[in-house]
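Remarks on the structure that follows.
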Amino acid sequence: MPIVVEHLTHVYMPGSPFESLALDDVSFEIRDGEFVGLIGHTGSGKSTLVQHLNGLLKPTSGRVVVDDIEITSDSKVPKRLRQHVGLVFQYPEHQLFEETVYQDIAFGPRNLNLPEEEVERRVKEAMALVGLDFETIKDRSPFEISGGQRRRVAIAGVLAMEPRILILDEPTAGLDPRGRDEILSQIKNLHEQRGMTIILVSHSMEDIARLVDRIMVMNRGKIALMGKPEEVFSCVDELHAMGLGIPQITHVMRALRAKGMDVPDNIYTVEQAVKVILERIRGNRK
Amino acid sequence: MIRDITIGQFFPGQSIIHKLDPRVKIALTFAFIVIIFFAKTYVGYGLIFAYIAFAVWLSQVPVRYILRGLKPLLFIIVLTFLINVFFTPGSKVLFRIWAFKFTQEGLNQGIFMTLRLVLLVVGTSLLTLTTSPISLTDGIERLLQPLQVIRFPAHELAMMMTIALRFIPTLLEETDKIMKAQMARGADFESGNLFQRAKALVPLLVPLFISAFRRADELAMAMESRCYRGGQNRTRMKILKTTRRDYLAVAVTLLLIAGILLDSYVL
């Protein structure tokens, strides 16, 4: 189910003194099963863009096509689009409202008018996907569990809709390093084992570099850079001009290279760096 | 959707009207409202109209923004006009329709009432369009300060208003976000009968209340940790100062008042 975006433009509050151009002629395609990272500064249009992909916002001009569903400025958004494209907002735990974790995750499937056995199956599966124990957690209030668990409950609430495309807006914001690693590895599993198409919005270069197949960088409502992580991270000056950085380890490798050490400058994960540096050191000893 | 609502309909600008001291603006708006009800002749209303048209011109706010405030009141204005036209007793009968007499006095009364309502809305809209909510509450606080003698909590009231105004956009944004998050989970806020719709609001209202309480708690904590203790001995960063343009505005308004009183009661 590919995503095609053509000449997408979105203007907030047109015709008022607060009018602002959030997206400016954006075009791209995302293939089935791709893992795409979306980076950009605050206000660069990331959130506006992802809200178009499941029809929460409609284009001012241009069009968005997901599978066979086309969204233009005057089309009606079919309900099944929201089911195909799961969208996890920033701080998704703020949307929890039910008395128990089970009820909250079941909210989405119940809106699809599924039979109760199917709802239960989906809740169980969604909780397993995010690493929550069904029996111990299901009857607790979502307001008495830890912050990291709350976030996972909220993500499970979206997964229970069984979307084929999953969009996550800063899923690790405000989590401790351990919670962050857990969430990211679960997202990776969803991609690898379920073959879901995943769009990860983040401003953490480290997170994105490790996971994604392709990076899109947004700046002032436009797509500034797009390509494989090594391609994007090689444009250091452009990224700096947009107020974005490259992963710290890439900085280290570039500094080493500047000092005359023979290392490639397209390293963007610590694991790769360790491997390369060890190889060089062993090579020198021989 | 919800984002499109502008709060307090403030229209940012740098005009002389925008720069007037909010205290003066509030006081003048009150004077304006009162004088509208003193005018009794077409000449008087002509003067008031000229005054407000001049103020609107100075403010550089597009006329359509000013008139937008009239739209929701259109029905009431038309109704008031008709009631006054048909039910004002008078001697000079212009014509009759069935049992209704249509008199010269009635026509005048109807036109005056319509003009009063329109001017009232335009005058107050001009105040809120050219004064940011924050300076508005600042002005109100200063104007209410004399009442502190009788223990009226002017500062607390103004602080509450400021906080409420400050959080309206935040809560609207939050509502928008939660609404979208629930819609992404298949919630439907737009169809169904009244009962179903009310029930559909639960997934929106519960998180909204929780976040409002959380924010209130955080704000109280932040204020306390900065030693906030009410209005006592509190100094301000922006001290309101009246300048020449404020005196000028007061002078023009006094002229208007004098003109109206002369026209309606002396001549």
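The values are calculated or read from the model by the stated rules, or taken from the named source; none is laboratory data. Bear in mind the structure is a predicted one, so any value in this text is a computation, not a measurement. Ideal geometry is used to build each Cβ from the backbone, glycine not excepted, and the neighbour counts take in all protein chains shown.
Would you be able to say whether some residue in the stretch A:182-198 is within 14 Å of chain B (Cβ to nearest Cβ), touching a helix residue (DSSP H, G or I) at 6+ places or on another chain (Cβ under 8 Å) and in a strand (DSSP E or B)? No, every residue in the stretch A:182-198 fails to be within 14 Å of chain B (Cβ to nearest Cβ), touching a helix residue (DSSP H, G or I) at 6+ places or on another chain (Cβ under 8 Å) and in a strand (DSSP E or B). For the residues B:THR162, B:THR253, B:THR170, B:THR242, the requirement of being closer than 30 Å to B:TYR45 by Cα and modelled with pLDDT under 90 singles out B:THR242.
If you check A:VAL11, A:VAL119, A:VAL88 for being surrounded by 19 or more Cβ atoms within 10 Å (Cβ to Cβ), touching an Asp or Glu at 6+ places or on another chain (Cβ under 7 Å) and either more than 17 Å from A:ILE199 (Cβ to Cβ) or in the same structural domain as A:ASP176 (by TED's automatic domain parsing) (or both), only one passes: A:VAL88.
Against the definition (surrounded by 17 or more Cβ atoms within 10 Å (Cβ to Cβ), outside any helix (DSSP H, G or I) and not acidic (Asp, Glu)), how does A:LEU168 come out, yes or no? For A:LEU168, the condition - surrounded by 17 or more Cβ atoms within 10 Å (Cβ to Cβ), outside any helix (DSSP H, G or I) and not acidic (Asp, Glu) - is met. If you go through the stretch A:218-228 one residue at a time, do you hit one that is under 23 Å from A:ILE30 (Cβ atoms), modelled with pLDDT under 85 and in contact with a Phe, Trp or Tyr (Cβ under 8 Å, 6 or more places away or on another chain)? Checked the stretch A:218-228: no residue is under 23 Å from A:ILE30 (Cβ atoms), modelled with pLDDT under 85 and in contact with a Phe, Trp or Tyr (Cβ under 8 Å, 6 or more places away or on another chain). When A:GLY147, A:GLY108, A:GLY131 are checked against the criterion of being out of contact with any Ser or Thr (no Cβ under 6 Å at 6 or more places or on another chain), free of Cβ contacts under 8 Å to residues at least 60 places away in the same chain and at positive phi, A:GLY131 stands alone in meeting it.
Residues being touching a residue at least 12 places away in the same chain (Cβ under 8 Å) and within 13 Å of chain B (Cβ to nearest Cβ) are represented in the stretch A:17-32 by at least one member. Within the stretch B:173-209, restricting attention to residues that are more than 13 Å from every other protein chain (Cβ to nearest Cβ) and of a type outside the set (Lys, Arg), the residue that is nearest to A:PHE143 (Cα to Cα) is B:ALA198. Search the stretch B:126-170 for residues being of a type in the set (Ser, Thr, Tyr) and in a helix (DSSP H, G or I), and hand back the single one that is nearest to the chain's Cα centre (by Cα). Here the residue is B:THR128.
May I ask you to verify whether A:VAL88 is facing chain B (nearest Cβ under 9 Å) and either within 22 Å of the chain's Cα centre (by Cα) or at pLDDT below 85 (or both)? Judged against the criteria, A:VAL88 is a match. In the set (1) within 25 Å of A:GLY55 (Cβ to Cβ); (2) buried (at least 23 other Cβ atoms within 10 Å of the Cβ); (3) in contact (Cβ under 8 Å) with a residue 60 or more places away in the chain, the condition left unmet by A:ALA160 is number (3).
Condition test on A:GLY40, is it buried (at least 22 other Cβ atoms within 10 Å of the Cβ), modelled with pLDDT of 90 or more and assigned by TED's automatic domain parsing to the domain that holds A:VAL158? So A:GLY40 does not fit the description; no. For B:PHE167, state whether it is without any contact (Cβ under 8 Å) to a residue 12 or more places away in the chain and among the aromatic types (Phe, Trp, Tyr). So B:PHE167 fails the test.
Yes/no per residue for (1) in contact with a Pro (Cβ under 6 Å, 6 or more places away or on another chain); (2) touching a residue at least 40 places away in the same chain (Cβ under 8 Å):
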| site | (1), (2) |
| --- | --- |
| A:VAL36 | no, yes |
| A:VAL50 | no, yes |
| A:VAL66 | no, yes |
| A:GLU70 | no, no |
| A:SER75 | no, no |
| A:GLU93 | no, yes |
| A:ASP104 | yes, yes |
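Scanning the stretch A:91-116 for residues that are among the aliphatic types (A, V, I, L, M), more than 9 Å from chain B (Cβ to nearest Cβ) and surrounded by 19 or more Cβ atoms within 10 Å (Cβ to Cβ) gives A:VAL101, A:ILE105, A:ALA106.
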